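The values are calculated or read from the model by the stated rules, or taken from the named source; none is laboratory data. Remember, predicted model here, so these are calculated numbers, not experimental data. Note: ideal-geometry Cβ built from the backbone for every residue, glycine included; neighbour counts use all protein chains shown.
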Amino acid sequence: MNPVLEVRGVSKRFGGLAALSEVSFEVARGELLALVGPNGAGKSTLFNTIAGVAPPTAGRILLEGTDVTGKSSHALARLGVARTFQLVTLFRELTVLENVVQGLHRHTRLAVLDGLLGLPRYREDTRRLAERAEGVLALLGIAAHRHERADALPLGIAKLLTVAIALATEPRLLLLDEPAAGLSHDEATRMMDLVAGEVRKRCTVVLVEHNMRIVGNYCDRAVVLQFGRKIYDGAAAGLVHDPAVVDAYLGVAEMDG
Amino acid sequence: MTVARVAALLLALIVLPFVATPYALHVAIVVLFNVTYTAALYAVLRMGYLSLGHAGFIALGAYTCVILSVRLGVSPWLGIPAGGLVAGLFAWGLGALTLRLRGIYFALAIFAFGEIVTAFFRAFDWFGGPAGIPGVPRPAFLGTPLASHFAFYWPVLVVAVLGIAILYRLQYTRFGAALLTLKTAESERLAESVGIPAARYKTANFVVSCVITGTMGTLHAQYLLFVNPQVFGSTMSTDLLIYAMVGGLAGFWGPILGAGLLTALGEQLFSVGYWKTLVYAAILMVVIMVLPGGLADLPRRLRAHFGAPR
Ligand SMILES: Nc1ncnc2c1ncn2[C@@H]1O[C@H](COP(=O)(O)OP(=O)(O)OP(=O)(O)O)[C@@H](O)[C@H]1O
Ligand SMILES: [Mg+2]
């Protein structure tokens, strides 16, 4: 069986800066992979190339064996790639429930004419979408916030909502950019328990994380980037004993995590 | 709005021509023009885009219909959908090019477009040049041209009601809801990441707005019996924005309210020429400074100020 994701020799340049240099790795179905690396290593850039936000300068991206390099972000979403952003991004003026309903977009029949006429079958569809969105909210334990506006949420709930929106697309591959960053210890634990539990049951997950304790506790495997190059690819548990990784993180407090 | 209210409003609009004086009917027709344009403009404002040249699409519809009927002898009836179609085609091309721009860049691109449209018609004699084209025929019903205000009111009412109904209902469709996710570049990135084809949706919505605008523009030219580059120029574009702002951008009915009130007022000031511009500008300033939510926000403000009625 093909791996869910294959990154083959991906490079990304911004003018003179090589943000990614020939990065290659695979992610197997059902895996929970950590993408690790110091600030500016190219982790978010890698997510952007996989999710179609900024195509790689060189190299290929394969999704379950199909070359998807250069496809647009919304096309990749329809092919089953979902992601969250490092900077918490929500539909700020919409409610929590409406945010997740938008996340269901790829499962929506647009049927504009039915909608203009307000046909019963259209309203039935809309009702079913809301029900489905409720299911996702319940899964992440934030259903109580359903009618609150997204821009009024505390960070912990907002971050769970970003995951809920992505999960609502029912992806094959979910890319989470620092889901636990900025959260309190308890909030981070709640987030990671969900990601390693309910979320992981539904899709393959790649997440960016700086905290080695979290990586070791929750992830199977880790890929480490430094200056846009892959310096480690192996068991998450072995990470803290790898000389190259220790070197890259030398003096960085999170190592103690 | 409830079904009962819509029915009452429709009934009033149908009874109106039977009881109104010709002058009142003239005002009603102009109100229907402007209300439709403003509702169409609001559809674009609602997705976060400031169209500073929307009158360009009125001009495209109007000139298409006039050229077809005056120069090429095509039926004025056919000119009506043709004007909408041409406005829509231009909106498609222009939208695809400019809707990736944000804020002031988009606003100025559309402003430039509006200027180009009118400058183009002004430049060529075949399109009427600076003086425009007089003698625009009105469509005929059962062999009689719709010459009176009473007769011409009906096609205007039909296009206004259809256009506004489409624009109103569209907001509550899943398409209309998805448009709200495209208001900022950041939010649009998230929308794309869940599979919303942002560029396509924005262009589609822009096209709908401009088709309705252009279609009404054809009737506008037929009503005036002439077109020239000035009537549908940048002043018209800014007037539409003033209507929308004064009415309030929080909901669908604010811009319609603003367009209705200011147009009716503007018609009273028409005989005194430049007063209209002055009064509009002054009202806009006052509303922006003391009532930023627009007139539609007034009831809520009053309730907040005097306490909710028990
Ligand atoms: N759009 C861009 N234009 C120019 N340079 C960019 C752009 N995006 C990222 N970079 C640069 O590419 C490098 C990698 O950035 P990236 O955001 O991928 O790092 P990261 O590993 O996610 O870091 P962090 O842990 O701080 O989030 C950095 O030097 C950054 O300045
Ligand atoms: Mg990053």
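When the test is whether a residue is more than 14 Å from the chain's Cα centre (by Cα), within 16 Å of ligand 2 (Cβ to nearest atom) and touching a residue at least 40 places away in the same chain (Cβ under 8 Å), residue A:23 passes it. Can you find even one residue in region A:132-150 that is within 11 Å of chain B (Cβ to nearest Cβ) and part of a helix (DSSP H, G or I)? Yes: region A:132-150 contains one or more residues that are within 11 Å of chain B (Cβ to nearest Cβ) and part of a helix (DSSP H, G or I). So which pairs qualify, if the first residue must be in region A:62-81 and in contact (Cβ under 8 Å) with a residue 60 or more places away in the chain, the second must be surrounded by fewer than 17 Cβ atoms within 10 Å (Cβ to Cβ), the Cβ gap must be under 6 Å, and the two must be at least 6 apart or on different chains? If the second residue must be surrounded by fewer than 17 Cβ atoms within 10 Å (Cβ to Cβ), the pairs left are A:64/A:2; A:65/A:2.
Residue A:91 - would you say it is closer than 30 Å to residue A:149 by Cα, out of contact with any helix residue (DSSP H, G or I) (no Cβ under 9 Å at 6 or more places or on another chain) and either at pLDDT 95 or above or surrounded by fewer than 23 Cβ atoms within 10 Å (Cβ to Cβ) (or both)? When the stated conditions are applied, residue A:91 does not pass them.
Only one entry of A:109, A:60, A:128, A:92 meets the criterion of being charged (D, E, K, R), more than 11 Å from chain B (Cβ to nearest Cβ) and farther than 29 Å from residue A:6 by Cα, and that entry is A:128.
The residues listed here are B:240, B:261; of these, the one that is modelled with pLDDT of 90 or more, buried (at least 20 other Cβ atoms within 10 Å of the Cβ) and either in a helix (DSSP H, G or I) or not polar (S, T, N, Q) (or both) is B:240. As a summary of the residue check, residue A:55 satisfies the conditions (1) within 17 Å of residue A:160 (Cα to Cα); (2) more than 11 Å from chain B (Cβ to nearest Cβ); (3) part of a loop (DSSP other than H, G, I, E, B) except for the one numbered (1). Of all the numbered requirements in (1) within 16 Å of ligand 1 (Cβ to nearest atom); (2) within 14 Å of another protein chain (Cβ to nearest Cβ); (3) among the aliphatic types (A, V, I, L, M), residue A:163 misses one, and that requirement is (1).
Restricted to helices (runs of 4 or more DSSP H) entirely inside region B:37-141, those with at least 1 residues that are more than 17 Å from the chain's Cα centre (by Cα) and of a type in the set (D, E, K, R) are B:103-123.
Which residue is farthest from ligand 1 (Cβ to nearest atom), if the candidates are limited to region A:63-74 and must be within 14 Å of chain B (Cβ to nearest Cβ) and not in a loop (DSSP other than H, G, I, E, B)? The residue in question is A:74. Only a single criterion out of (1) out of contact with any Leu (no Cβ under 9 Å at 6 or more places or on another chain); (2) touching a residue at least 24 places away in the same chain (Cβ under 8 Å) is not satisfied by residue B:299, namely (2).
Among the residues making up region B:152-188, those that are touching a helix residue (DSSP H, G or I) at 6+ places or on another chain (Cβ under 8 Å), within 7 Å of another protein chain (Cβ to nearest Cβ) and in a helix (DSSP H, G or I) are B:166, B:169, B:170, B:174, B:175, B:178, B:181, B:187. Residue under question is residue A:81, and the condition is that it be buried (at least 20 other Cβ atoms within 10 Å of the Cβ), more than 16 Å from ligand 1 (Cβ to nearest atom) and closer than 30 Å to residue A:198 by Cβ; does it hold? Spelling it out, residue A:81 is indeed buried (at least 20 other Cβ atoms within 10 Å of the Cβ), more than 16 Å from ligand 1 (Cβ to nearest atom) and closer than 30 Å to residue A:198 by Cβ. For beta carbons closer than 6 Å, sequence separation of 6+ or different chains, a first residue in region B:1-30 that is of a type in the set (Lys, Arg) and a second that is surrounded by 13 or more Cβ atoms within 10 Å (Cβ to Cβ), there are no qualifying pairs. Can you find even one residue in region A:41-51 that is of a type in the set (Phe, Trp, Tyr), in contact (Cβ under 8 Å) with a residue 12 or more places away in the chain, within 16 Å of ligand 2 (Cβ to nearest atom) and buried (at least 17 other Cβ atoms within 10 Å of the Cβ)? Yes, region A:41-51 contains at least one residue that is of a type in the set (Phe, Trp, Tyr), in contact (Cβ under 8 Å) with a residue 12 or more places away in the chain, within 16 Å of ligand 2 (Cβ to nearest atom) and buried (at least 17 other Cβ atoms within 10 Å of the Cβ). Number of residues in region A:189-227 that are more than 16 Å from ligand 1 (Cβ to nearest atom) and not polar (S, T, N, Q) equals 21.
The set of residues from region A:24-51 being part of a loop (DSSP other than H, G, I, E, B) and either away from chain B (no Cβ under 14 Å) or at pLDDT below 95 (or both) comprises A:28, A:29, A:30, A:31, A:37, A:38, A:39, A:40, A:41, A:42.
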